[in-house]
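Where a number appears in this text, it was derived from the coordinates with a stated rule and is not lab data. Please read all numbers here as calculations on a predicted model, not as lab measurements. Cβ placement follows ideal geometry from the backbone for every residue including glycine, while neighbour counts extend to all protein chains displayed.
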Amino acid sequence: MTKIEWTHPAGFKGETWNPIVGCSVASKGCTNCYAMKMAGTRLKHTELYKGLTDESKAGPVFNGKMRLNEKALHAPLSCKKPRCFFVNSMGDLFHESVPEEWLEKVFAVMAMTPQHRYLILTKRATRMREYCNPIAKRRLKVAREVMDYHVQRECKGLTNENLDQLMPVESVGAVDCPDNIYLRSWPLPNVALGVSVESRELAEDRIFELLNTRAEMRFLSAEPLLGSLSLTRFNLTKYVEAVTGQAFDRRYSPVCYQNALTGLVTGMDEYQDKLDWVIAGGESGAKARPAHPEWFRELRAQCMASGVPFFFKQWGEFKPGSDFKSDEKSWAVAWDGRTVSPPALADDYPKDASGHDRWSAVRKVGKAAAGNLLDGEVHQAFPSWFFENLGREIGECEAFSVVQEEVAWLYANGVEAAGLVGPCLTQNVCDELKRKGERRTESALRAEVKERLDPLEEREGC
């Protein structure tokens, strides 16, 4: 179990899951990365993390090498009770060095475990969008990985050549796997996609890429927050035509703005996808950088005004206040992120003539002592996505529709359906219907299922 607070919604046990490890520095938020420090110190001699970091004057640094963690890859399949998995806490799943084949394996496991919720957080938002958006291609490739897992589990000891002869992956669809009802749609409904943003300079690019990525739930992690962050007015003019393919008519407005919390796009007068959840927190660790208290209050106010759940994780190493004495633990932080190291008091650094410095006093007391109270209150809201059924409960008619839709989709993608329909598929459909409360006898149920599937069969069924 992990101590990361935002992985513990009611009814779920929070876990970290690292099917892929490794990374490289992407921005200043990576400077004091705990994963990088762990990989380069106490884990550096393990087989999994060996060679993933290089030494530098500032300490170990991820070098961009990535490694597939075969032992951890299928771990969620053995967890029957609902878990909330933070995916790749020890790296970036969408790092440019991660082969697409590895991503297919990870998404296949998530597709086979609809009882869990998965939170994927990345700084490589462009790669995430490019990977997730092709619907047909992605479903097909993930379906093949799902089938490959089931075939290898049932046919241990056979070579890949024999597996291809017995049951080619190309001829079997996702519906042939009893655990996998989620591949009837894309994106996977139990997977949330998020981006990590530490400052205003990075917010526009990463958040816009996220909002244009197919996802069931989108979230933002502003941790460690190193500057003020406004989520209500992003200038999207330069992105509209390049990424969305939509022509921006400048006759009515010289620029295009989007509110990431409501989805409203001015200049186009329409609503698009929005953020569903915002997480924020200060930095922890020996070399932590202080945050201005107003940065968090600003985010809270924006979320409350837009009805978006806000989760304040922690202050980090620094506790805000105005009654501190000037000693070796007292810092001063300006609104723009400038800091004065101890001994310092905010009163010694008043506002300039424009009134924009807005110095605040903070004191380095440690993560536990600083706590997570924002103006005396705990703000740890979760979006409803965690507690929704995500379409898992389906009726009899819909179950038949799912099967036929999958077959039609496979045909459309050039996949032969001959191997799709047969004893295994029919039995799986029957089992699914019985699990949903169907009370007919086994023979009667099998007869109707077969009758519905017969028009699509090209070989003898069951």
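Each label was represented as a point 7 Å from its Cα along the Cα-to-Cβ direction; for Gln152 and Arg200 these points are 4.9 nm apart.
Please report the net charge: other residues with Cβ closer than 11 Å to the Cβ of Leu68, K and R +1, D and E -1. Working shown, then result.
On the way: positive: Arg67, Lys71, Lys105; negative: Glu70, Glu101.
Summing Lys/Arg as +1 and Asp/Glu as -1 gives +1.
For Met217, neighbours were defined as the other residues whose beta-carbon sits under 15 Å from its Cβ, and their charges (Lys and Arg +1, Asp and Glu -1) total 0. Counted residue by residue at 0.36 nm each, then reduced by the alpha carbon distance between them, the extension gain from Glu47 to Leu373 reaches 113.3 nm. Ranked for footprinting exposure by Cβ neighbours inside 10 Å, fewest first, Phe312, Phe219 give Phe219, Phe312. Expressed as a fraction of 2.2 N^0.38 Å, the value expected for a compact globular protein of N residues, the C-alpha radius of gyration of the range 42-156 is 1.18. Legend: residue pairs Lys28/Lys274; Lys81/Lys367; Lys13/Lys105, Cα-Cα distance threshold 29 Å; pairs beyond threshold, Lys81/Lys367. Amide H contacts under 5 Å for Asn133: Arg214, restricted to partners 5 or more places along the chain or on a different chain, H placed in the peptide plane at 1.01 Å from N. The residues packed around Glu101, meaning those with a beta-carbon under 12 Å from its beta-carbon, carry a net charge of -1 if Lys and Arg are +1 and Asp and Glu are -1. Computed extension gain for Lys71 through Glu5, at 0.36 nm per residue and net of the alpha carbon distance, reaches 21.2 nm.
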